[in-house]
Amino acid sequence: MEKKTIIIDGNNFSDLPSFYDEIDKVLTKDLNWKTGHNLSAFNDLLCGGFGVFKYDQPIKIIWRNFEKSKLDLGVELTDTLVEIINDHQHIDFTRI
């Protein structure tokens, strides 16, 4: 079974609020409530079960335009986001 691929595109955001909007767009589906826009909520969304992939389902995340995101969000925040992603064993993560 091929892993579902999810694309985070750095061209779709330029600050933390718009990053969270992008994450909502690519990681959730048909929710009748708003997700939290904080690091803890981001971590929870990566666990799955919010409509795009099942809880702990193996997936692949590709972060396109990653270098732009580092410039926009800053190295420290970007490193934190990458660390949160990498903490999930079910996620195969690539930056391009």
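The values are calculated or read from the model by the stated rules, or taken from the named source; none is laboratory data. Not measured: the values here are computed from a predicted model. Neighbour counts run over all protein chains shown; Cβ positions are idealised from the backbone, glycine included. These accessible areas exclude ligands, DNA and RNA; they are computed on the full protein's heavy atoms, side chains included. Shrake-Rupley method; radii C 1.70, N 1.55, O 1.52, S 1.80 Å.
Relative contact order of the chain: 35 percent, from C-alpha pairs under 8 Å at least 6 residues apart in sequence.
Ranked by the mean number of other Cβ atoms within 10 Å of their residues, highest first, the peptides 41-53, 22-34 fall in the order 41-53, 22-34.
Surface composition of the chain: carbon plus sulfur atoms contribute 47% of the solvent-accessible area (1.4 Å probe, protein chains only, all chains present).
Per residue, the chain exposes 59 Å² of accessible surface when a 1.4 Å probe is rolled over the protein heavy atoms with every protein chain present. Local charge for LEU73 was computed over the other residues whose Cβ lies under 12 Å away, with Lys and Arg +1 and Asp and Glu -1, and equals -4.
When +1 charges are put on Lys and Arg Cβ atoms and -1 charges on Asp and Glu Cβ atoms, the dipole computed for the chain relative to its Cα centre reaches about 340 debye.
Computed on the Cα atoms alone, the convex hull of the chain gives a volume of 87 cubic angstrom per residue.
Restricting attention to the chain, the count of lysine pairs at 8 or more positions apart or across chains with alpha carbons under 14 Å apart stands at 6.
Helical content of the chain, expressed as a calculated mean residue ellipticity at 222 nm, amounts to -12500 deg cm²/dmol (DSSP H runs of 4 or more residues, -39,500 (n - 2.57) each, divided by residue number, nearest 500).
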